[in-house]
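Here the structure is laid out as structure tokens; the discussion comes afterwards.
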Amino acid sequence: MFPELLFTLVAVVALMLACWGIAVRLRDVAFIDAIWAYGMVYAVAVAALLNGGPAGLAGWALLALVAAWGLRLGTHLITRWRRLGPDPRYEKIIASAQAKRGWSFERTALLQVFGLQGPLLWGVSLPAQAGILADTGAALPIWGWAGVGIAVVGIAFETIGDAQLESFRAIPANKGKVLDTGLWRYTRHPNYFGDFTTWWGIFIVGVAAGAPIWTIAGPLFLSFTLTRWSGAPMLEHSLKKHRPGYADYIARTSGFFPWPPKG
């Protein structure tokens, strides 16, 4: 399995270098968010091709789940990027590297954006890659089907949350307001919780297909980044500063796991 996984890593790095070249010409790196989702589909598809296609139902389930999650999310994010343009978060990263280190746009985009995201998305998607490569065509056990169900719930949760947010933002009167209805009434981050749930479900399916237990590093890292690193913490730091009422929203609404609001 390791030669195949090394090949998928090289394929992901090649994809990121190509995207870096596009970013240099556009002078904008914000489409990396969409590439994060599309890149996982790409990595898992490459693994499937190296295996001559999924061997059985478990492999097909992994491929289908990753494709359903990644293609939907990637398309959502690339559409949003084309509508909104450069993302202030990435502009701040570029400006900070230029001011503190004297780095050029090209160097910062390569080292802090595309060069970093490639290996990370490869690592997060390891359970699906390894599961497809290890799949022997044996029947998927009951607990493997439970993983499929968990992943489907995660995909649905994130899709509904994104749709609710887009509908809310489409109403001019809501500009600057806080969405606290629908799924957003029960968690401040339905999209991040959906990602979390999806990839833990995919991990279960991957292990059921034969992926080694050490591929748990993928969902563990994703959980860390969503809850402690660049996901919710970074977003909320900005929202608390620029959106009136967000502090009250934090006080009454669960930060990650869905839960009835306080009060």
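The values are calculated or read from the model by the stated rules, or taken from the named source; none is laboratory data. These figures come from a predicted structure and were not determined experimentally. Positions of Cβ are backbone-derived with ideal geometry, glycine not excepted, and every protein chain shown enters the neighbour counts.
This table checks each residue for (1) over 21 Å from F224 (Cβ atoms); (2) in contact (Cβ under 8 Å) with a residue 60 or more places away in the chain; (3) not β-branched (V, I, T).
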| site | (1), (2), (3) |
| --- | --- |
| P54 | yes, yes, yes |
| S125 | no, yes, yes |
| T136 | yes, yes, no |
| G144 | yes, yes, yes |
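I'm trying to understand the selection: among the residues of the stretch 229-263, which are of a type in the set (S, T, Y), modelled with pLDDT under 80 and assigned to a loop (DSSP other than H, G, I, E, B)?
Just the residues of the stretch 229-263 that are of a type in the set (S, T, Y), to begin with: 230, 238, 246, 249, 253-254.
Subsequent filtering for residues that are modelled with pLDDT under 80 retains 230, 238.
S230, the sole residue that qualifies.
Determine whether L6 is over 17 Å from the mean Cα position of the chain (by Cα), farther than 25 Å from W199 by Cβ and hydrophobic (A, V, I, L, M, F, W, C).
Spelling it out, it is not the case that L6 is over 17 Å from the mean Cα position of the chain (by Cα), farther than 25 Å from W199 by Cβ and hydrophobic (A, V, I, L, M, F, W, C).
Could you please give the count of residues in the stretch 127-157 that are aliphatic (A, V, I, L, M) and over 19 Å from the mean Cα position of the chain (by Cα)?
Here is the first cut: in the stretch 127-157, the residues aliphatic (A, V, I, L, M) are 128, 130, 132-134, 138-140, 142, 146, 148, 150-153, 155-156.
With the extra rule that they be over 19 Å from the mean Cα position of the chain (by Cα), the set shrinks to 132-134, 138-140, 142, 146.
Number of matching residues: 8.
Those residues that are of a type in the set (V, I, T), more than 16 Å from Y90 (Cβ to Cβ) and buried (at least 18 other Cβ atoms within 10 Å of the Cβ), I need them from the stretch 1-59; list them, please. Let's see the steps before the verdict.
Kept after step one, since they are of a type in the set (V, I, T), are these residues of the stretch 1-59: 8, 10, 12-13, 22, 24, 29, 32, 35, 41, 44, 46.
Those left that are additionally more than 16 Å from Y90 (Cβ to Cβ): 8, 10, 12-13, 41, 44, 46.
Residues satisfying the conditions are T8, V12, V41, V44, V46.
Could you please give the count of residues in the stretch 176-191 that are under 19 Å from P233 (Cα atoms) and part of a loop (DSSP other than H, G, I, E, B)?
7
Against the condition over 23 Å from I213 (Cα atoms) and modelled with pLDDT under 95, how does A68 come out, does it pass? Write out each step before concluding.
On the way: over 23 Å from I213 (Cα atoms): yes; modelled with pLDDT under 95: no.
Judged against the criteria, A68 is not a match.
Report every pair of residues separated by at least 6 positions or lying on different chains whose Cβ atoms are under 9 Å apart, first residue within the stretch 105-120 and in contact (Cβ under 8 Å) with a residue 40 or more places away in the chain, second of a type in the set (S, T, N, Q).
Correct list of pairs: F105/Q98; L120/T225.
Assuming G59 fulfils every condition listed in (1) outside any loop (DSSP other than H, G, I, E, B); (2) more than 15 Å from G131 (Cβ to Cβ) apart from one, which condition is it?
Only one criterion in (1) outside any loop (DSSP other than H, G, I, E, B); (2) more than 15 Å from G131 (Cβ to Cβ) is unmet by G59, namely (2).
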